[in-house]
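Readers should treat all values here as calculations from the given coordinates under stated rules, not as data from a laboratory. Since this is a predicted model, take the numbers as computed values, not measurements. Neighbour counts are summed over all protein chains in view; Cβ atoms, including those assigned to glycine, are modelled from backbone coordinates with ideal geometry.
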Amino acid sequence: MREIEHKKLLTIITPGELQRMVVEQLKKRGIGGYTVVSATGAGASGLKSGMLISDSSVIIYVIMSEARLQRVLVDMDKFMSRGYRVKAFYQDIAILPRKPK
């Protein structure tokens, strides 16, 4: 059996219109794998019905190492400091890798 790897799962929630900007920043950090999911809901910025791209949010999931996570969190903090509506949080995860060691 493959040996479990310990990684970080970064979750980013942002308006749909910022998806491209966030993904481009991830790519600049060498991240090629991520999952984007459309989301609706309500929060501090009001109701997001999802009827229009400007009225929808996305959730971006990325699995990465601790070292890479720290650099990406700095990037997300810069977006937030500029006033962009970005939420980022992470969790410790254990995954079964695709390739055996």
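The angle separating the long axis of helix 19-28 from the principal Cα axis of greatest extent in the chain is about 30 degrees.
Among M1, M21, M76, sorting on how many other beta-carbon atoms sit within 10 Å of each Cβ, with the fewest leading, yields M1, M21, M76. Comparing Y90, Q25, V37 along the charge dipole axis of the chain, the residue lying farthest to the positive side is Q25, per the Cβ-charge model. Placing unit charges on the Cβ atoms of the charged side chains and taking the dipole of the chain about its Cα centre, the candidate lying farthest along the positive direction among A67, F79, I12 is A67.
Relative to the dominant Cα principal axis of the chain, helix 66-81 is inclined by about 10°. Loop sites here are chymotrypsin sites (Phe, Trp or Tyr not before Pro) outside DSSP states H, G, I, E and B with no more than 16 other Cβ atoms within 10 Å. The longest part of the chain free of them is 35-83. A DSSP coil position with no more than 16 other Cβ atoms inside 10 Å describes the following trypsin sites (Lys or Arg not before Pro) in the stretch 1-39: R2, R29.
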